[in-house]
Amino acid sequence: MKSRKTISLVAGGAGFIGSHLCRALLDRGDEVICLDNLQTARNFNLEGLERHRDFTFLRADIVDPLPDAVMRRRDIGRIYNLACAASPPQYQADPEHTMLTSVMGTDRLLRLAEQNGARFLLTSTSEVYGDPEAHPQQEEYRGWVNCTGPRACYDEGKRAAEAMAFDFARLGRADVRVARIFNTYGPNMHPDDGRVISNLICQTLSGRAITIYGDGSQTRSFCFVSDMVDGLMRLMEAPMPDLVPVNLGNPQEYRIVDLIDHIVAATGISPGIVHEPLPTDDPRRRRPDIARARSLLGWEPRVALEEGLRITCAFFAEELGADLPATRESLSRLSVAAE
Ligand code: UDP
């Protein structure tokens, strides 16, 4: 007898990570329902996915009541919540909406999970650790978040969403997973996303000076998107002995100024540099401790920054119409971006 397909709902499925996740779920044989308000996503990310017969796109904002086509269902098996602007300039543009996306949106999706008996995965964030005093950040660390600052709409929204997910689980209302995602990059990012990797690559490729905020000594750890999607899918499927969040990110840590040499190597261009003020509450350092993901999921990032940047530069060169030998070569080896 033919086994039935798993029906997976991906909120935020037209976004950067969400679009790669939808592709990976379709490749695995799932039927995928993608909800997205297209606030920060692009139609580009849906092209290709929409040609797949098992893919359905519904334009919807999870702050609002979910579409009838979703609410009528009782056969959804997996619900991934990736819906929320994640770049500081974008999530700060409408902070009330950002907070509600995490709180109201997660509540609606958790209720949908309860109604379907579906497993629910929340994509939380390294931002729950705020500007961390503990380094690297383990899941036990409770964070140092400024609840009145400009990042609070995102950080506190995600912290509240985590609280709600764990309460649903404790009450037996839904089987939940919580991933704390650290900085992630790769094809399908928006050129105007505003985050450091997309900014530096797009500025370099279009002949502009790159913007370094502050002196660039602050650190981040960058995970390539295919590794992140692999981690999310493993987390969703793994048995979880305890009700705990799991860090997902690449533990290799870089100062922001260190990225400059990597961008030069990946593009073959030496850009000018301008320093701009450090944004308020910008975390000084960030690096995941991934011992828990290693032991529970058998997960480990595999794509080194050099390789990931080459692929991402190739993607943006294509997007921006920048013709560079360094990127042409990588593009021919790549299938991750344009399918
Ligand atoms: N940053 C930078 N130049 C840019 C964009 C960001 O120097 O054009 C810095 C930013 O101040 C932060 C780091 O790069 O310290 C990562 O910023 P991003 O917005 O990518 O993500 P965050 O981890 O802050 O959410």
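What to note about this one:
- Here the label points at D68 and A24, each 7 Å from Cα along the C-beta direction, are separated by 3.5 nm in the simple model.
- The phi torsions of region 211-223, fed into the Karplus equation with coefficients 6.51, -1.76 and 1.60 and a -60° offset, translate into couplings of 9, 10, 8, x, 8, x, 7, 5, 10, 9, 10, 10, 10 Hz, rounded to whole numbers, with Gly and Pro shown as x.
- Computed magnitude of the charge dipole of the chain (debye, nearest 20; Cβ of K, R +1, Cβ of D, E -1): 960 debye
- For the chain, alpha-carbon Rg relative to the globular expectation (2.2 N^0.38 Å, N residues): 0.96
- Here the calculated FRET efficiency for E96 and R255, from their Cβ-Cβ distance with R0 = 35 Å, stands at 0.55, rounded to the nearest 0.05.
- Interchain or long-range residues, amide H under 5 Å from V176's placed H: F120
- Each listed q (0.20 Å⁻¹) maps to a log10 I(q)/I(0) for region 1-133, found by the Debye formula over equal Cα scatterers with no solvent: -1.18.
- Amide hydrogen proximity for I273: with H placed 1.01 Å from N in the peptide plane, the residues at 5 or more positions away or on another chain lying under 5 Å are I210.
- Over region 134-289, relative contact order from alpha-carbon pairs under 8 Å, at least 6 apart, %: 35 percent
- Computed from Cα positions, the angle between helix 16-28 and the longest principal axis of the chain comes to roughly 60 degrees.
- Counting only Cα atoms, the size of region 210-307 along its three principal axes is 50, 32, 16 Å, in decreasing order.
- P(r) weight above 12 Å for region 88-127, C-alpha pairs, percent: 66 percent
- Mean Cβ neighbour count within 10 Å, used as a protection proxy, ranking 102-111, 172-181 highest first: 102-111, 172-181
- Relative to the dominant Cα principal axis of the chain, helix 196-205 is inclined by about 50°.
- Ranked packing of 160-171, 14-25, most packed first, by mean Cβ within 10 Å: 14-25, 160-171
- R0 of 22 Å, Cβ-Cβ distance Q115-D242: FRET efficiency to nearest 0.05: 0.30
- For S295 and Y213, the FRET efficiency from 1/(1 + (r/R0)^6), where r spans their Cβ atoms and R0 equals 45 Å, is about 0.80.
- Estimated [θ] at 222 nm from DSSP helical runs (n ≥ 4, -39500 (n - 2.57)) normalised by residues in the chain, nearest 500: -11500 deg cm²/dmol
- Close amide H contacts of L248 (hydrogens built in the peptide plane, cut-off under 5 Å, sequence separation of 5 or more or a different chain): R180, I181, F182.
A short reminder: the numbers here are calculations on the coordinates, not readings from a lab. Source: prediction; values computed, not measured. Every residue, glycine among them, receives a Cβ derived from its backbone with ideal geometry; neighbour counts consider all protein chains shown.
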